[in-house]
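In what follows, a structure is listed as structure tokens, so that the remarks can point back to it.
Since every read-out is calculated from the coordinates, none of them should be taken as a lab result. The shown structure was predicted, so the numbers you read here are calculated from the model rather than taken from an experiment.
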Amino acid sequence: MDSGRMDSVIGDVLRYGVILSFAVILAGTGILAIRSGASGISGALTYNAGSIPHGNFTVSWAGLVNGLLGLQPYSVIELGVLILLATPVSRVLASVFLFAAQGDRLYVYITAVVLALLLFSILVTPFIPLFNA
Amino acid sequence: MIVLEFVAILLLASIFAGVFGSIVGLGGGVVVIPVLTLLLGVNIHFAIGASIVAIIGTSSGAASVYVKDRITNLRVGMFLELATTSGAIVGAALAAYVDSSALELIFGSILLVTLVPTVMRIGEDMPKNPELKGLSKRLGLSGSYPEAEGREVSYNATRPKTGLFGMVIAGLLSGLLGIGSGAFKVISMDVAMKLPMKVSTTTSNFMIGVTAAASAGIYYARGDVDPVVVAPVALGILIGAVIGARFLVRARNPTIRKIFAVVLAVVAVEMILASQGVAV
């Protein structure tokens, strides 16, 4: 595989991730607008951002799945944000395989280390007290 | 504030942030955070949560264009990501023990100083092409990209270790302050590694998404990602990033450098203001 082909595959990974997350967040926003419109509060609904306590939006996988099954707008938006978050991670994962296909071992190692650091940071550090002091 | 008005202001500000962020290699937090805190009265924690989503959006949205157009240098980006991701993790671990206002004052001042070499090179199209040798050669840190008028331009990177060191600092700052630190990334590639301006800003753009993703887990787990704030930011920033990326592909290096110099001054002033207690 030449490097031009690699650019094209990585470009595609980023593009589809972005398009998918945009569509899902837009859908969530649409549901939010329709639901608040239906309850007759859309125009007057006030969003007092300053009064919401810090750390109010904890998410759990179970809560997310339940919310999605009930088409809860916040859960749909959260899914879209998670897809957006997964996009750079997928890009790094794809590069590991693309460098392997090019036979470039040095860069397979480099990207694999970056992927490991990234997964450690996203999946493990939230559970280590040091990072939440 | 009425939701519709809140969403409209945030959407417009985010489009603007996406356009400029994608051109100069920043994530757009420099626009999104002050709009949220100063104009819309959002808690700084939610503003940082939204800014991280904005950074990932600008990065992925713009990079999807730049990578296909072969302007981003993938090898330079991936090699330097070793430093930014490890720096970001260490920074996040130290965040509770470090006085962030002192940090902001120091790094805001450093950015002001780096305005000098940036402004002195205004008008420069291509840096003097250094010979490819040593570590740069072993890592294959060279490349070429199609200029606006179709001419293919080739370049070599120099001083990869200095660049790597700059990226450790950029990563530490990302973890410590919850920022993309795109300005430090562009400066490391521009001043230390002597890459063409377009390659520096687009490769920075490519990298900031990974740096921000590294800290996103922590902000998500803390419950600082508010869907009402994040949805318009994500939508706006993605639209803006694609518009900005189309502009950059056709723009010339000196134009990008001029825009970068202005944004750099704004970032520096904002950091110094933040150190004095203004929530930006």
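For chain B, a Gaussian network of Cα nodes joined below 10 Å ranks B:Gly108, B:Gly150, B:Gly244 by mean-square fluctuation, and the top entry is B:Gly150.
Of all the options B:Phe206, B:Phe184, B:Phe46, the one that moves most in a Gaussian network model of chain B with Cα springs shorter than 10 angstrom is B:Phe46.
Over what distance in Å are the Cα centres of the range B:209-280 and the range A:107-133 separated? If we compute the Cα centre of each part, the gap is 23 Å.
Within a straight-line Cα-Cα reach of under 28 Å, B:Lys258 can be paired with the following lysines, leaving aside sequence neighbours fewer than 8 residues apart in one chain: B:Lys68, B:Lys128, B:Lys161, B:Lys185, B:Lys194, B:Lys198. Close amide H contacts of B:Val225 (hydrogens built in the peptide plane, cut-off under 5 Å, sequence separation of 5 or more or a different chain): A:Phe57.
How big is the C-alpha Rg of the protein assembly as shown next to the rule-of-thumb value 2.2 N^0.38 Å, as a ratio? The value comes to 0.93. Taking the helices alone, chain B has a mean residue ellipticity at 222 nm of -23500 deg cm²/dmol, built from -39,500 (n - 2.57) per DSSP H run of at least 4 residues and averaged over all its residues. In percent, how large is the relative contact order of the range B:110-261, given Cα pairs closer than 8 Å and 6 or more residues apart? Across the range B:110-261, relative contact order equals 29 percent.
Considering only B:Gly91, B:Gly25, B:Gly217, the mean-square fluctuation computed in a Gaussian network model of chain B, springs between alpha carbons under 10 angstrom, is largest for B:Gly217. Computed over the Cα atoms of chain B, the ratio of the radius of gyration to the Kirkwood radius (Rg/Rh) comes to 0.96. Using the empirical formula 2.2 N^0.38 Å as the baseline, the Cα radius of gyration of the range B:1-147 reaches a ratio of 1.27.
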